[in-house]
Amino acid sequence: MTLVTLQEASQWAAKHLAQEVSLSNISYLVQYGKVKKYGENGSTKISLEDLKKYYQGYKSRREVDWKKILGADLNWGLSFDHLREIDTTKHVHRLHPYKGKFIPQLVEYFLGNHTDDFKKKIYFKKGDVVLDPFLGSGTTLIQANELGMHGIGIDVSAFNCVISNTKLQNYDTKILRDALQSMKAFVQELENEKIQQFDQEVLAALSLFNNKHFPSPQFKVDVFRKKINEDVYAQVKEKEFKKIYDVICRKYKIQMQSNSTGSFVDKWFVESVRSEIDALVQFVKKQKDVRVKQLLAVVLSRTARSCRATTHSDLATLKEPQFTAYYCYKHKKICKPLFSIRKMLDRYADDTLLRIERFSTLKTDAFSGIIAGDSRTVDIVKEMEKKNPLLAALLQKKKINGIFSSPPYVGQIDYHEQHAYAYDLFGFARKDKAEIGPLWKGQGQTARDEYVAGIATVLNNCKKYLADNYDIFLVANDKWNLYPTIAEKAGMQIVQRFKRPVLNRTERDRNPYSETIFHMKKAG
């Protein structure tokens, strides 16, 4: 057996796979039991034979397995499977979580100057205007700006517009740093001493329990190699620790849930967390600089999202409130709810500043304009005159060159509800009924017909502002084959389809899943 250091392993793997493999990639394999660890901290080594076995046929095996399930027409070149998470969440793209967004590299691929087997033509160039009528968290506009293209985004969700706007704003770094530091100091003063003592005692008990029953990385190795039935073992140990947890709760007389049950915030936050958040909302509202106020609101929203009383695996899709300790499938040990937001807010405040500073070095002078409105009816030029007169003036001289967007999927996500806590906290007006294809309408024939009509209406409205030789790229999971009808109703034709696998999803359910990028042009 040949033992190598983690650094040597990363160098070997990079050469073997012909792509970048960082030290953190190898550490991940060790942490999650993919390869066995030898030695202790400071002298950790792994078996090169284990690593070879893990990577043996890794790329081709994954591609073959996915194509067996999703079809031979799967375009693996658009999987971007060589990228690390740090690449797909670069700079401001991770400023706030957003369910259902595409990775920036997908936008770069179609907007940028790529020429390869999957794309023979360059569709957009520097100085062009790109439209995203389903703005979401702003990925298209951010990447357009990086490429020197002007971007216009429209979204019916007011909070989506706030998220996107904060990413694209220019900031005075000193003012922003001072505001974030003040926010951190404010929340530190809010912490309750009894809650701190309770939390420390729970953490100490958790540490002892997890070290004994879920030793890392051995437990992960045993689960990965199926030596342990994870579900059965987890249920037994979860019940064991709950007895310890309940004793500590009674000792400190901790109130878990608010007495009120009227709002999302009442239901999904531990009482002590709710109190801190309420105080911070008032802190944010007192900020005088509008751009700083919006950014602090996004930091607080991101923090609040991570502090909801739910399991780590269910953060993206809430199921039931979790007010007690539980077995965490993500971390492979017993975890607990958060009882203070301070550590999370400190982390996200620092992370936000770093991401804003990184993006500022990449930003171009291209214009960006965001409209909070309904893409089916909005007058883009008229609204842009209010939002960004310089961009509006540009639109008087030239038309929009095309669209890159990911419309909502039929009956899959309630886009307002995923940020319900932010709407509750900051009082943004909700327009759930204006969403196209929301989860609450289901996926029946009536919902599909309404979806087709809605997306086609958006395209017909946007078409008025597009250049004659426009290019439209829509990312969709079209399992009901609705987009040919949508194209027809919009007076367009689908000229090309790109079917890509969706990797690196955050949900616990990671079954093979694909989406299609429809390339549309004017019919005729």
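Remarks
- Annotation: of all residues in segment 193-229 being at pLDDT below 95 and of a type in the set (D, E, K, R), the one that is nearest to Tyr327 (Cα to Cα) is Lys220.
- All told, Ala422 falls short of being hydrophobic (A, V, I, L, M, F, W, C) and over 30 Å from Ala279 (Cα atoms).
- Considering segment 275-310, and only residues there that are of a type in the set (Ser, Thr, Tyr) and buried (at least 23 other Cβ atoms within 10 Å of the Cβ), the residue that is farthest from Gln181 (Cα to Cα) turns out to be Ser301.
Here's the yes/no breakdown for (1) in a helix (DSSP H, G or I); (2) under 21 Å from the mean Cα position of the chain (by Cα):
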{"position": "Phe339", "(1), (2)": "no, no"}
{"position": "Lys343", "(1), (2)": "yes, yes"}
{"position": "Tyr348", "(1), (2)": "yes, yes"}
{"position": "Ile356", "(1), (2)": "yes, yes"}
{"position": "Phe359", "(1), (2)": "yes, yes"}
{"position": "Thr364", "(1), (2)": "no, no"}
{"position": "Ile371", "(1), (2)": "no, no"}
{"position": "Asp374", "(1), (2)": "no, no"}
{"position": "Val381", "(1), (2)": "yes, no"}
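- One residue stands out in segment 135-159 among those that are among the small types (Gly, Ala, Ser) and not in a helix (DSSP H, G or I): the one that is nearest to the chain's Cα centre (by Cα), namely Ser137.
- Elements of type helices (runs of 4 or more DSSP H) in segment 160-242, at least 2 residues being out of contact with any strand residue (DSSP E or B) (no Cβ under 8 Å at 6 or more places or on another chain) and under 23 Å from Ser340 (Cα atoms): 173-190, 193-213
Residue-wise test of (1) in a loop (DSSP other than H, G, I, E, B); (2) under 10 Å from the mean Cα position of the chain (by Cα); (3) crowded, with 18+ Cβ neighbours inside 10 Å.
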| site | (1), (2), (3) |
| --- | --- |
| Asp81 | yes, no, no |
| Asp87 | no, no, no |
| Val92 | no, no, yes |
| His96 | yes, yes, yes |
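- Asp471 being in contact (Cβ under 8 Å) with a residue 24 or more places away in the chain, among the charged types (D, E, K, R) and farther than 21 Å from Asn401 by Cβ: no
The rows are residues; the columns are (1) under 30 Å from Glu189 (Cβ atoms); (2) open to solvent by 40 Å² or more (accessible area, probe 1.4 Å); (3) without any contact (Cβ under 8 Å) to a residue 40 or more places away in the chain.
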site: Arg342; (1), (2), (3): yes, yes, no
site: Ser368; (1), (2), (3): no, no, no
site: Thr377; (1), (2), (3): no, yes, no
site: Met384; (1), (2), (3): no, no, no
site: Leu395; (1), (2), (3): no, no, no
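- For segment 316-325, the set of residues classified as within 23 Å of Glu417 (Cβ to Cβ) and either assigned to a strand (DSSP E or B) or in contact with a Pro (Cβ under 8 Å, 6 or more places away or on another chain) (or both) consists of Ala316, Gln322, Phe323, listed by residue number.
- Tallying residues that are over 23 Å from Val223 (Cβ atoms) and at pLDDT 75 or above within segment 20-64 yields 7.
- Any pair with Cβ under 7 angstrom, 6 or more apart, that starts in segment 443-461 at a residue that is under 12 Å from Arg376 (Cβ atoms) and ends at one that is of a type in the set (Val, Ile, Thr) and open to solvent by 50 Å² or more (accessible area, probe 1.4 Å): Asn461/Thr377
- Residues located in segment 146-175, provided they are more than 11 Å from Gly369 (Cβ to Cβ), of a type in the set (S, T, N, Q) and open to solvent by less than 10 Å² (accessible area, probe 1.4 Å): Ser157, Asn160, Thr166
- Odd one out for Ser405 among (1) polar (S, T, N, Q); (2) closer than 30 Å to Phe283 by Cα; (3) touching a Ser or Thr at 6+ places or on another chain (Cβ under 7 Å): (2)
The values are calculated or read from the model by the stated rules, or taken from the named source; none is laboratory data. Just so we're clear, the structure is a prediction, and the values are computed from it rather than from any experiment. Glycine gets a Cβ as well: all are built from the backbone with ideal geometry, and neighbour counts include every protein chain shown. The area values use the complete protein model at the heavy-atom level, side chains included, leaving out ligands, DNA and RNA. Shrake-Rupley method; radii C 1.70, N 1.55, O 1.52, S 1.80 Å.
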